[in-house]
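A short write-up of the structure that comes next.
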Amino acid sequence: MQSCLFYLTVDSRVFRPAARCSETMPRPRKRLAGPAGQDKKGPAGKCMKTKNPGEASTRAENSSPQKTSTLKECEKNLSRYWLMKSEPESRLEKGVDVKFSIEDLKAQPKQTAYWDGVRNYQARNFLRAMKLEEEAFFYHSNCKEPGIAGLMKIVKEAYPDHTQFEKSSPYYDPSSKKDNPKWSMVDVQFVRMMKRFIPLAELRTHHQAHRATGGPLKNMALFTLQRLSVQPLTQEEFDFILSLEEKEPS
């Protein structure tokens, strides 16, 4: 993700078509949301339809040497790449279907949507750090086979997430004020599908091997910051994952 000086908690968010905010505009939904600092995804790879208890405290999270190493690695890397999670299967959150797959993004006008509903401070800070044209993997989560489905890019830098002010939204935050909004979103645009779907199980195999050998995925945030739905990638991690497209599944 980028030079990372952030809080370490967990998050959730929904995905909607990029456009000027309008109360009457139809909005495809994506990703679940929860209270600030709390994620309703389970650990990476565990596909669930039910809520999880809150993550451990920020102090406990920050005490992990592996997670500290991930953030330090991100600080050193000037290239900015991302992994952003979305739910490709239908699931209702307060009456809202949070399903949004990469196919849904591709079907949007100009293949563009805004990434809203983030209610975690670290993930919000990652969104705020994103710059135009930076690339992100579109990751399918909370599903039968989680993994990386395709590529997208940032086409509008962070701006206030209007859903924090909408009382009808699952992402409404009554503590956020319009003159000092807590939450931000970015616009993303579909780039392409992966040449082949890269499943979580394959990424985990490489991560475990690289922890022993010092390979590119040794500190990958998907496993060290696994509950975050917006995650940083180093250029080394990004390039290695792209290289997997050309190889037979391991």
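Brief remarks follow.
- Scanning the range 81-111 for residues that are at pLDDT below 95, surrounded by fewer than 18 Cβ atoms within 10 Å (Cβ to Cβ) and among the hydrophobic types (A, V, I, L, M, F, W, C) turns up just one, L92.
- Helices (runs of 4 or more DSSP H) contained in the range 175-250 and holding at least 3 residues over 18 Å from the mean Cα position of the chain (by Cα): 200-213, 235-244
- Considering the conditions (1) in contact with a His (Cβ under 8 Å, 6 or more places away or on another chain); (2) under 17 Å from A113 (Cα atoms), L222 is excluded by exactly one of them, (2).
- Filtered by the rule that a residue be surrounded by fewer than 18 Cβ atoms within 10 Å (Cβ to Cβ), touching a residue at least 12 places away in the same chain (Cβ under 8 Å) and either over 21 Å from E87 (Cβ atoms) or in contact with a Lys or Arg (Cβ under 6 Å, 6 or more places away or on another chain) (or both), the range 199-235 gives T205, G215, Q235.
- Test: residue in the range 125-144 that is part of a helix (DSSP H, G or I) and among the aliphatic types (A, V, I, L, M): yes
- Qualifying residue in the range 112-127 (condition: open to solvent by 10 Å² or more (accessible area, probe 1.4 Å) and among the hydrophobic types (A, V, I, L, M, F, W, C)): no
The values are calculated or read from the model by the stated rules, or taken from the named source; none is laboratory data. The structure presented is a predicted model; accordingly, all values stated were derived computationally and were not measured. Virtual Cβ from ideal backbone geometry, glycine too; neighbours counted across all protein chains shown. Accessible surface is based on the protein model in full, side chains and every heavy atom, while ligands, DNA and RNA are left aside. Shrake-Rupley method; radii C 1.70, N 1.55, O 1.52, S 1.80 Å.
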